[in-house]
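No lab work stands behind these numbers, since they all come straight from the coordinates. Just so it is clear, the model here is predicted, and its values are computed rather than measured. Don't worry about glycine lacking a Cβ; one is built from the backbone with ideal geometry, like all the others, and counts go over all protein chains shown.
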Amino acid sequence: MKFFGQVGPGLPPDAGITTQYVHCASGVTVALSGGPVWLDGAEVASPAEAVMTAYKARGAEMLASLSGRFALALWDQPANRMLVALDQMGIERLTYARLGDGLVFSSSAAAVAAVPGVDSTLRPQGLFDFLMLHMIPAPDTIYAGVSKLRPGTCAILENGRLRVERYWVPRFPETAHAPFAELRDGLLDALREAVVACRPDATTGTFLSGGLDSSTVAGMLARVSAQPPQTFSIGFGVDAFNEIEYARIASRHFGTKPHEYDVTPEDIVEAFMDIAAAYDEPFGNSSAVPTFLCARLAARHGIHHLLAGDGGDELFGGNERYARQRIFEAYGRLPGGLRQNVIEPLFGGVDPELGVLPLRKVRSYLDQARIPMPERLESWNYMYRIDLGSMLEPDFRAAVDPRAPLRAMAEVYGAAPSKRLLHRMLFYDWHYTLSDNDLRKVGSMCELAGVRVSYPMLDPRVINLSLRVPPGMMQQGLALRGFYKKAMRGFLPDAILAKTKHGFGLPFGVWLKTHAGLGELIYGLLTDFKSRRIVQPSFIDNLIKEHRAGHPGYYGYAIWDLAMLEAWLQVQSTRRSG
């Protein structure tokens, strides 16, 4: 267990703390995991000691000067103050519970829930949030008595009062303050320094999907390494999901030593329960499978440390929804009278299922444009669109608030320190896409494979550089990653700069239709899930029928989530009984 402990009155200075760095002096104990860590813009060699010194000088305000990768716990006995904090991007993970006059904390929600006195009851609302969002976003967890920190926040217990505060707020630019050439050179320098800061050695390799970010990280590692670095790529044998050729282009361009693995349905069957067991809460991102297999491939080739490209899309505007939502927002800028008196009466009566195709598209556009952000981001979501009365068991439905996850989304979106649509979506994605989803997936799967992972794209120097790029330079019209692609000309291969965004999806829905062993596993889990009295059995039957007759990917992801939830519940039951 990477990070665990208790802080509070009546406890020894380092009560049960299992972590990388612990420092005690003058009644103050600092425990910290992660690294590297920067204080006042400079990397520190002894993180816990540096935090201690800064805390004594500035108190909790020192958090505003802290950056990098960390989960932090601090116990100030003279002031009777307990503090836990998480890094700006949520690379690490920190969960906690109030216990008596103190706090128990861990990188694992399950570890906190297992402490005697902590309420470990599974929350119906947490289960619903998972069904809606495929994970349980901070600050909530699946356990009634356990919370987790959002990125850039801290929790302070002082004088019997627990408060959660945001200690870091990004400063988004409105206009250009530096010429493109200066920003380009700064980005290249920051990326190189970020890779060097990961302290690569002969046992360090990289994920290489062939996308912009993994190719950049692989190229920078090749540039700073004495020997060609090893890169690891995944294929699927299904053209719509395959990007392996771009990984080969990047490998040849940078002279890396490539390794490839083609995922099969048998791999899913073999790894499914192990992946479910690796998470402390239900987690439904199916790309965990290729991530795990890629990390395992690296471990089998003697690699103990992988560099990942996560974060580039969320810093430099690379997700497709950043362009798509600009189109929807344009509708809101039309005069209200035109919208309400002309456009909506004209197209509102078009049947969204049976109308003429062009008219159906206009009706669909209007329906989505009228949904406020960020709720609109879920308008494609099968679980968002379904009638909950036909989906959920009545008792479970009565125990949850279907709007609660949407209000939490709106809270994060509204906390963005900018009125710009792009800035708000970036800030939102730092929470929901990075911290709660991608980083958790990659970190957990690397840990399962026995490999350490670093994220150069989330180095403070790269983050700070991204915050100097104005939105008009970052996103030009509907084009994605405009600044980044232009800055990488001459470094990345032209084919990678020109490729469309692909992602790291898994053809689960396709394989489920044809592979008997995969069907036996998944349908068996769904049959078991029917007895949980969470969703109605008829809903599962209809979902399976729609998947077999309709789009394999769209319905497949919903089936994956239900099967993964059942697998996780079975693992937890086995652990409790054992």
**Complete:** The long-range amide H neighbours of Asp262, using H built 1.01 Å from N in the peptide plane and a cut-off of under 5 Å, are Gly235
**Asked** How would you rank 95-103, 31-39, highest first, on the average number of other Cβ atoms within 10 Å across their residues?
**Response** 31-39, 95-103
**Prompt:** If you take every DSSP beta bridge whose two residues both sit in the chain, what share of them, in percent to the nearest 5, is antiparallel?
**Reply:** 75 percent
**Message:** Would the stretch 1-154 count as rounded, prolate or oblate if I go by the C-alpha gyration tensor, calling it rounded below 1.5 in a/c and otherwise prolate when a/b exceeds b/c, oblate otherwise?
**Reply:** oblate
**Prompt:** Got a sec to turn the phi values of the stretch 24-36 into Karplus ³J(HN,Hα) couplings, 6.51 cos²θ - 1.76 cosθ + 1.60 with θ = phi - 60°, whole Hz, x for Gly and Pro?
**Reply:** 10, 6, 6, x, 10, 10, 10, 10, 8, 10, x, x, x
**Complete:** Quick shape check on the chain: root eigenvalues a ≥ b ≥ c of the Cα gyration tensor, a/c under 1.5 is rounded, otherwise prolate if a/b tops b/c, else oblate, and it reads rounded
**Message:** Explain nothing, just the number: dipole magnitude of the stretch 508-577 about its Cα centre with +1 on each Lys and Arg Cβ and -1 on each Asp and Glu Cβ, in debye rounded to the nearest 20.
**Reply:** 160 debye
**Request:** Calculate, for Arg333 and Lys486, the FRET efficiency according to 1/(1 + (r/R0)^6) with r their C-beta to C-beta distance and R0 35 Å; round to the nearest 0.05.
**Result:** 0.80
**Message:** Could you order the peptides 279-292, 177-190 from most to least packed, using the average number of other C-beta atoms within 10 Å per residue?
**Reply:** 279-292, 177-190
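Indicate the gyration tensor shape class of the stretch 246-312 (rounded, prolate or oblate), computed on the Cα atoms with a ≥ b ≥ c the square roots of the eigenvalues: a/c under 1.5 is rounded; otherwise a/b larger than b/c is prolate and the rest oblate.
Here the stretch 246-312 falls in the prolate category.
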**Asked** So which helices of the chain fit the span-like rule, where a helix is a whole DSSP H run, its Cα atoms reach 27 Å or more along the axis, and its mean Kyte-Doolittle is at least -0.5?
**Response** 552-577
**Complete:** Length gained if Ala495 through Glu174 is fully extended, taking 0.36 nm per residue and subtracting the Cα-Cα distance, is 112.4 nm
**Asked** What is the set of long-range amide H partners of Gln536 at a cut-off below 5 Å, with H atoms built 1.01 Å from backbone N?
**Response** Leu392, Glu393
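Return the loop-located chymotrypsin sites (Phe, Trp or Tyr not before Pro) in the stretch 405-501 (DSSP other than H, G, I, E, B) with at most 13 other Cβ atoms within 10 Å of their own Cβ; answer none if there are none.
none
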**Request:** Give me the distance in nm between label points sitting 7 Å out from Cα along the Cα-to-Cβ direction at Ser379 and Glu260, one decimal.
**Result:** 3.9 nm
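Could you give the length gained by full extension between Leu346 and Lys56, i.e. 0.36 nm per residue of separation minus their alpha carbon distance, to one decimal place?
Roughly 97.8 nm would be gained on extension.
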**Request:** Over the alpha-carbon set of the stretch 508-577, divide Rg by the Kirkwood Rh and report the Rg/Rh ratio to two decimals.
**Result:** 0.99
**Request:** Taking amide H positions as placed in the peptide plane 1.01 Å from N, state which residues far from Lys257 in sequence (5 or more) or on other chains have amide H under 5 Å from it.
**Result:** Gln230, Thr231
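What percent do you get for the relative contact order of the chain when only Cα pairs under 8 Å and 6+ apart count?
After rounding, I find 16 percent.
Under a point-charge model restricted to the Cβ atoms of Lys and Arg (+1) and Asp and Glu (-1), what is the dipole moment magnitude of the chain relative to its Cα centre, in debye to the nearest 20? Could the numbers behind the result be given before it?
Numbers: 59 positive and 60 negative charges, 229 e Å.
Its charge dipole is roughly 1100 debye.
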**Pairwise label distance in nanometres, Arg199 with Asp119, each label 7 Å out on the Cα-Cβ vector** = 4.2 nm
**Message:** Run through the stretch 500-578 and list the trypsin sites (Lys or Arg not before Pro) located in a DSSP loop whose Cβ has at most 14 other Cβ atoms within 10 Å.
**Reply:** Lys501, Lys513, Arg533
**Item:** Computed lengthening from Ala181 to Tyr365, 0.36 nm per intervening residue step minus Cα-Cα distance
**Value:** 62.4 nm
**Message:** Can you compute 3J(HN,Hα) from phi for each residue in the stretch 68-85, using the Karplus curve 6.51 cos²θ - 1.76 cosθ + 1.60 with θ = phi - 60°, rounded to whole Hz and x for Gly and Pro?
**Reply:** x, 10, 6, 10, 10, 10, 9, 10, 9, 5, x, 8, 6, 10, 10, 9, 10, 8
**Item:** J(HN,Hα) series, the stretch 476-489, from Karplus relation 6.51 cos²θ - 1.76 cosθ + 1.60, nearest Hz, glycine and proline x
**Value:** 9, x, 9, 6, 9, 6, x, 5, 5, 5, 5, 5, 8, 4
